[in-house]
Amino acid sequence: MPICIFEDQQYLNFEPLIYSRPVFDLVCGMTTLKQKIVRVFPKEKVTLKCRTYLKSFVKTENPKCEVDQFNDDYYLFINGRIVAPLNLKSILSVKSREEKVFVSNGVVVAANISAKRIKELSFDKTEIIDTTLLNNLPSVEVNVAVANYLWDLIYLNGKEIRNDFKIFTKSKTSVKKKYSGVNFVNKKDIFIGKEVEIKPGVVLDASTGPIFLSNNVTIFPNAAIQGPFYVGESSKMKSCATIYPNVSIGKVCKVGGEVEDTIIHPFTNKQHSGFLGHSYLGSWINIGADTNNSDLQNNYGSIKVQVNGKHIDSGKQFVEP
């Protein structure tokens, strides 16, 4: 059955990241939310539903997917905010011509609907899917993780690195090479890609979670990295970088200083001293030397964040507002 990955009316909760990408292209763990969904449905045709001004970009980035096209009788619509588990296909099990909505904690995570209903509800014409229009269809409660704000992705990141690490390392073999002066802790949970350069004095500690180093990564002397940790191709970890658990770094990044519980999209630099914690960075950002952020209030209370013009209580003690 064809699937359609869509954005719902809560997409603005992820500003400002969503102004340059759909919600489903946000990263959590080692992959985007879209990639987690697509790998569950490797044989199905995929349609991406996005805002009009992003359409050309989305088409270019996803040549194997259709964009805003509905030519089949039924589609399984899947909310781009979900963090898809590997058993998602069995969770969303439906008969091909059975219209049904799947709800997790009040959020519509998926819906199997006909082409006729797609046209009746104008889902083929609107940019954003209003899931309240599906309230009259039969529904079933399921348990699927859904991100409501950016900090949800940050707090799910460590778990997703672990999950993605297991999947990625099933089909890949870590490079077997001796690195002089490098201290490996729990090496069986450390994956090293091709042409990776690790300088003397580096500590890679996977006792707290796996570490995945993609191809052509360079780690400069005396950097200390704790898992769960992921770094994409051709990125550089600078000298004396201190990386605590639950950090994901995209490709072609330069990162140094002290970083914890943070997601960084590709082509972004934070290569100098300074602290970055419980943060989410998009692409093409350059953090200046000695820049620090505070992810903890002086009173140790719950942090409130302004989102889409509203002050939202995150319910978290550590968030970069």
Practice item. For the stretch 47-82, enumerate the residues that are surrounded by fewer than 22 Cβ atoms within 10 Å (Cβ to Cβ) and of a type in the set (A, V, I, L, M). Key: Leu54, Val58, Val67, Leu76
Revision key, fill the gap. Here the residues within the stretch 25-42 that are among the basic types (Lys, Arg) and surrounded by 19 or more Cβ atoms within 10 Å (Cβ to Cβ) are Lys34, Lys36
Review point. Does Val46 fit the bill of being under 29 Å from Lys116 (Cβ atoms), at pLDDT 95 or above and of a type in the set (Val, Ile, Thr)?
Key: yes
Check your understanding: When residues of the stretch 1-13 are filtered for being in contact with a Pro (Cβ under 9 Å, 6 or more places away or on another chain) and either part of a helix (DSSP H, G or I) or within 15 Å of Ile263 (Cβ to Cβ) (or both), how many remain?
Key -> 1
Check your understanding: What residue, of Lys177, Lys159, is basic (Lys, Arg), surrounded by fewer than 18 Cβ atoms within 10 Å (Cβ to Cβ) and assigned to a loop (DSSP other than H, G, I, E, B)?
Key -> Lys177
Review point. Inside the stretch 92-112, can you point out the residues that are modelled with pLDDT under 95 and β-branched (Val, Ile, Thr)?
Key: Val94
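So which residues in the stretch 13-24 are surrounded by fewer than 16 Cβ atoms within 10 Å (Cβ to Cβ), touching a residue at least 60 places away in the same chain (Cβ under 8 Å) and not small (Gly, Ala, Ser)? Even if it seems obvious, please write down each step before you answer.
If we filter the stretch 13-24 for residues that are surrounded by fewer than 16 Cβ atoms within 10 Å (Cβ to Cβ), which is where we start, we get 15-16, 19-20.
Subsequent filtering for residues that are touching a residue at least 60 places away in the same chain (Cβ under 8 Å) retains 15-16, 20.
Listed by number, the residues that qualify are Glu15, Pro16.
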Practice item. Please tell me if Lys176 is outside the structural domain of Pro85 (by TED's automatic domain parsing) and at pLDDT below 95. Key: yes
Review point. Within the stretch 248-259, can one find any residue that is touching a strand residue (DSSP E or B) at 6+ places or on another chain (Cβ under 7 Å), of a type in the set (Asp, Glu) and within 27 Å of Asp25 (Cα to Cα)?
Key: yes
Review point. Which number in (1) within 23 Å of the chain's Cα centre (by Cα); (2) assigned by TED's automatic domain parsing to the domain that holds Ile37 marks the one condition that Asp73 misses?
Key: (1)
Review point. Which condition breaks for Val101 when tested against (1) part of a strand (DSSP E or B); (2) surrounded by 23 or more Cβ atoms within 10 Å (Cβ to Cβ)?
Key: (2)
Practice item. Please go through the stretch 306-321 and pick out each residue that is under 17 Å from Phe14 (Cα atoms) and outside any loop (DSSP other than H, G, I, E, B). Key: Gln306, Val307, Lys310, His311, Ile312, Asp313
Review point. In the stretch 14-53, how many residues are among the charged types (D, E, K, R) and either within 11 Å of the chain's Cα centre (by Cα) or in a helix (DSSP H, G or I) (or both)?
Key: 4
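The values are calculated or read from the model by the stated rules, or taken from the named source; none is laboratory data. Quantities reported herein were computed from a predicted structural model and do not represent experimental measurements. Cβ atoms come from the backbone with ideal geometry, glycine included; neighbour counts cover every protein chain shown.
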